[in-house]
1. How many residues, within segment 220-252, are modelled with pLDDT of 90 or more and under 20 Å from residue 82 (Cα atoms)?
2. Considering each of 215, 229 in turn, give the residue that is assigned to a loop (DSSP other than H, G, I, E, B), under 21 Å from the mean Cα position of the chain (by Cα) and surrounded by fewer than 18 Cβ atoms within 10 Å (Cβ to Cβ).
3. Among all residue pairs at least 6 apart or on different chains, which show Cβ distances below 6 Å where the first residue, located in segment 19-35, is closer than 11 Å to residue 51 by Cα and the second is at pLDDT below 95 and exposed (fewer than 13 other Cβ atoms within 10 Å of the Cβ)?
4. Given the conditions (1) surrounded by fewer than 17 Cβ atoms within 10 Å (Cβ to Cβ); (2) outside any loop (DSSP other than H, G, I, E, B); (3) touching a residue at least 12 places away in the same chain (Cβ under 8 Å), and given that residue 160 satisfies all but one, which numbered condition is not satisfied?
5. I'd like the full set of residues that are out of contact with any strand residue (DSSP E or B) (no Cβ under 6 Å at 6 or more places or on another chain), touching a residue at least 40 places away in the same chain (Cβ under 8 Å) and in a helix (DSSP H, G or I), limited to segment 173-211.
6. Here are some conditions: (1) touching a residue at least 24 places away in the same chain (Cβ under 8 Å); (2) part of a helix (DSSP H, G or I); (3) under 22 Å from residue 82 (Cβ atoms); (4) in contact with a helix residue (DSSP H, G or I) (Cβ under 9 Å, 6 or more places away or on another chain). Residue 10 meets all but one. Which one does it not meet?
7. Within segment 3-19, is there a residue that is surrounded by 14 or more Cβ atoms within 10 Å (Cβ to Cβ), at pLDDT 95 or above, under 25 Å from residue 225 (Cα atoms) and in contact with a strand residue (DSSP E or B) (Cβ under 9 Å, 6 or more places away or on another chain)?
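The values are calculated or read from the model by the stated rules, or taken from the named source; none is laboratory data. These numbers were taken from a predicted model, which means no experiment stands behind them. We place every Cβ from the backbone using ideal geometry, glycine too, and count neighbours over all the protein chains shown.
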């Protein structure tokens, strides 16, 4: 297990399907977060974990991608669409694993990685594929389509106040369904849809049910509030003025 400590520099050399990339504005964390992160890593000694701060994230885009992509990336005015775009770019190019900083892997995932399939799981509402954890094949065509659609969205001045459609789960879902040529009759996707499963399999996707997915991954760990120096949600009032949260930001500010 290779784990970056302190302020070591995260690079992009040697990234592969056993590298987990994450991003956050700092590499200094509360001791409770350090503890659960170490527990996660000990359960997956075959994986290397790399944490990118904002500058390293920016540098990885500038150093690895073409002018059109770089220009689009730096147009984003909020961290969330940048982080969305960045994860698609890095996972598509290098075939590495992406994990949100406030999510954790709760068991060994070697068997999932060995499938050599791009793994898809539906959000609870079943209207989009999750992207807080991403295990995709290198050069995945759905991710290529997502990247193209984001560039086109910005060029066409679309979804300036809607991160979900601009770069988020809805965008990713539309891209994958477009690539496999599957038409959705409603907004809800169905695990039991035979045509959907057939087209996903033909394009090297594995649709993983939530019950299986939840045995391996946890969306928000119990110390999520410590990442943002907040009290636990049950002890605080909602802050509608926090512009760091994309929902508040996009209400009155364009995302690019």
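1. Looking only at that region, the number is 6.
2. Within the list 215, 229, the selection yields 215.
3. Going by the 6 Å Cβ cut-off, the qualifying pairs are 27/7.
4. (2)
5. 176, 210, listed by residue number.
6. So the condition that residue 10 fails would be (2).
7. no
Every residue, every condition in (1) in contact with a strand residue (DSSP E or B) (Cβ under 6 Å, 6 or more places away or on another chain); (2) at pLDDT below 95; (3) in a helix (DSSP H, G or I); (4) surrounded by fewer than 20 Cβ atoms within 10 Å (Cβ to Cβ), yes or no:
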site: 55; (1), (2), (3), (4): no, no, yes, yes
site: 59; (1), (2), (3), (4): no, no, yes, yes
site: 63; (1), (2), (3), (4): no, no, yes, yes
site: 68; (1), (2), (3), (4): no, no, yes, yes
site: 71; (1), (2), (3), (4): no, no, yes, yes
site: 77; (1), (2), (3), (4): no, no, no, yes
site: 82; (1), (2), (3), (4): no, no, yes, no
site: 87; (1), (2), (3), (4): yes, no, yes, no
site: 93; (1), (2), (3), (4): no, no, yes, yes
